[in-house]
Amino acid sequence: MCGIAGILFKRPPEHLSAGRALVEMLDGCQHRGPDSTGFALYGRDEPGRLRLRFIVGEAGGAEAACARIGEVLDREGASVVSEERVGGDYRVTVEFDGDLQRFAYAVEHAAKVVSIGSSLEIVKDVGGARDVDDRYGVQGFEGSHGLGHVRLATESDVKPEASHPFWATGFADVAIVHNGQITNYWKMRRRLEQRGFEFATDNDSELIAVYLADKLSQGVPLQEALRTSIDDLDGTFSFLVSTKDEIGYAKDRIAAKPMIMYENDELVAVASEEVSLNRLFPGQALDTREPPPGTHATWSR
């Protein structure tokens, strides 16, 4: 079933952080996906620097994984600015100005990459929104926008790397959360692989992220990339995508997967169920709307 959520602040409210908003929204729809929870969080952009997040676990192999990552970073000419272990993650900031796609594939071969970006960090793990927040301090994140996902595992194991959001492997700052199934996944993936793209998982959500990031890299606006995705992707889907400056959504023409949105002068919020939006404004009656089938839209900060 799964549940998705997204928020973008037009101007940051004093009473609400992006991290706290997403924790509340996902906790409200946790019944849609009790197995794992994840967040794509966008903070201050740091030109010339990349934030990398890896899943290394907490067992004996974690130290060896961090050592392998360090060797690859050094070999690829990335200078480490800061590093820390948080929960089962290894979080490192580097200075890097080389070929991003080549670099991303190189570090992916060293350890499981969760995200790469100048402003993006993805945090995901098994358990509910409160559990993941307790481990990683998501509510303390002060950013401009972000996405979230609660997952009911149906086709793969319950483990952090199978959780959403998914990063667009090989690109920076593009993330996706998705409710549905892409039935022409392998056909589209093979086409992208023939052009030299690599995939880190067999999850169809990663395909959507790479498809959109490829369009953006060619100068296609996100709005147009979302429009073409409705024709190019087969299946039933509602998804949210984020870049360092925008969030957007697309729904297939059958619209079997729910999506509700709310907008005021301070923010735009989108979720699978209205209960998630009500968590942001307890006790208030909200003028929400459901996007029509086969539609898409974007918002910029």
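Values quoted throughout were computed directly from the atomic coordinates according to the rules given, and no laboratory measurement underlies them. Everything quoted here is computed from the prediction, not taken from an experiment. Neighbour counts run over all protein chains shown; Cβ positions are idealised from the backbone, glycine included.
Using only Cα atoms and rounding to the nearest 10 degrees, what angle (0 to 90) does helix 185-194 make with the longest principal axis of the chain?
40
Using the crude model of +1 on Lys and Arg Cβ and -1 on Asp and Glu Cβ, and no other charge, please compute the dipole size for the chain relative to its Cα centre, in debye to 20. Can you show the working numbers first?
Numbers: 33 positive and 48 negative charges, 90 e Å.
Around 440 debye, computed over the chain.
Per-residue ellipticity at 222 nm for the chain, helices alone: DSSP H runs ≥ 4 residues times -39500 (n - 2.57), over residue total, nearest 500 deg cm²/dmol? Walk me through the numbers before you get to the answer.
Values: 8 runs with 85 residues, N = 301.
Rounded to the nearest 500, it is -8500 deg cm²/dmol.
How long is the gain from S79 to D157 if the chain were fully straight, where each residue apart is worth 0.36 nm and the alpha carbon distance is subtracted? Intermediate results must be reported in sequence, preceding the final value.
Working: separation 78, 0.36 × 78 = 28.08 nm, distance 3.48 nm.
Using 0.36 nm per residue and subtracting the Cα-Cα distance, I get 24.6 nm.
Show me 93-105, 242-254 ranked by packing, highest mean number of other Cβ atoms within 10 Å first.
Numbers: 93-105: 16.2, 242-254: 20.9.
Packing proxy ranking, top to bottom: 242-254, 93-105.
For the chain, take the longest principal axis of its alpha carbons; what is the angle in degrees between that and the long axis of helix 61-75, to the nearest 10 within 0 to 90?
70
Could you tell me which residue out of C29, L212, A172 lies farthest along the dipole of the chain toward its positive end? Charges go on the beta carbon: Lys and Arg +1, Asp and Glu -1, centred on the Cα centre.
Positive-most Cα among the choices belongs to L212.
Subtracting the Cα-Cα distance from 0.36 nm times the residue separation, let me have the gained length for V86 to L16 in nm, one decimal. Mind dumping the intermediate values first?
Numbers: separation 70, 0.36 × 70 = 25.20 nm, distance 2.35 nm.
Using 0.36 nm per residue and subtracting the Cα-Cα distance, I get 22.8 nm.
Towards the positive end of the charge dipole of the range 1-94, with charges on Cβ (+1 Lys, Arg; -1 Asp, Glu), say which of I7, G77, Y42 has the farthest Cα.
So the residue furthest toward the plus end is I7.
Cα-based Rg (one decimal) and Dmax (whole number) for the range 249-301, in Å?
Looking at the range 249-301, its Cα Rg and Dmax stand at 11.6, 34 Å.
Starting from the Kirkwood radius over alpha-carbon pairs of the range 1-132, derive D by Stokes-Einstein at 10 °C in a medium of 1.306 mPa s and give it in µm² s⁻¹. Can you show the working numbers first?
Working: Rh = 16.1 Å.
So the translational diffusion coefficient is about 99 µm²/s.
Highest mean first, how do 226-237, 270-281 rank when packing is the count of other Cβ atoms within 10 Å averaged over residues? All intermediate terms of the calculation are to be shown ahead of the outcome.
Working: 226-237: 17.1, 270-281: 21.6.
The densest-packed peptide leads the list: 270-281, 226-237.
Wrap a convex hull around the Cα atoms of the chain, take a quarter of its surface area, and give that in square nanometres.
Numbers: hull surface 57.6 nm².
Across all orientations, the chain yields a mean hull projection of 14.4 nm².
Go through 47-58, 69-80, 135-146 and give me the packing order, highest mean Cβ count within 10 Å leading.
Working: 47-58: 18.2, 69-80: 15.4, 135-146: 20.2.
Highest to lowest by the protection proxy: 135-146, 47-58, 69-80.
Calculate, for T183 and H31, the FRET efficiency according to 1/(1 + (r/R0)^6) with r their C-beta to C-beta distance and R0 30 Å; round to the nearest 0.05. Provide the component values of the computation, followed by the final result.
Details: r = 26 Å, r/R0 = 0.88.
About 0.70, to the nearest 0.05.
On C-alpha positions alone, give me the angle between the axis of helix 18-28 and the longest principal axis of the chain, in degrees, nearest 10.
Around 60 degrees separate the two axes.
Obtain the radius of gyration and the Kirkwood radius of the range 1-51 from its C-alpha atoms and give Rg over Rh. Let's see the in-between values first.
Details: Rg = 13.4 Å, Rh = 12.8 Å.
Ratio of gyration radius to Kirkwood radius for the range 1-51: 1.05.
Pairs K215/K244; K10/K124; K10/K257; K112/K159: which are spaced more than 22 Å apart, C-alpha to C-alpha?
Numbers: K215/K244 15 Å; K10/K124 25 Å; K10/K257 27 Å; K112/K159 12 Å.
Over 22 Å apart, Cα to Cα: K10/K124; K10/K257.
Need one number for the range 149-274: average projected area of the convex hull over its C-alpha atoms, nm².
Numbers: hull surface 32.9 nm².
The orientation-averaged projected area of the Cα hull of the range 149-274 comes to 8.2 nm².
Could you go through the range 202-208 in sequence order and give the Karplus-derived ³J(HN,Hα) for each residue, using 6.51 cos²θ - 1.76 cosθ + 1.60 with θ = phi - 60°, rounded to whole Hz, and x for Gly and Pro?
Once θ is set to phi - 60°, the couplings for the range 202-208 become 9, 7, 5, 5, 4, 4, 4 Hz.
Give, in nm to one decimal, the length gained when the segment between L100 and E224 is fully stretched (0.36 nm per residue of separation minus the Cα-Cα distance). Mind showing how you got there, number by number?
Values: separation 124, 0.36 × 124 = 44.64 nm, distance 2.39 nm.
Contour length minus the Cα-Cα distance gives 42.2 nm.
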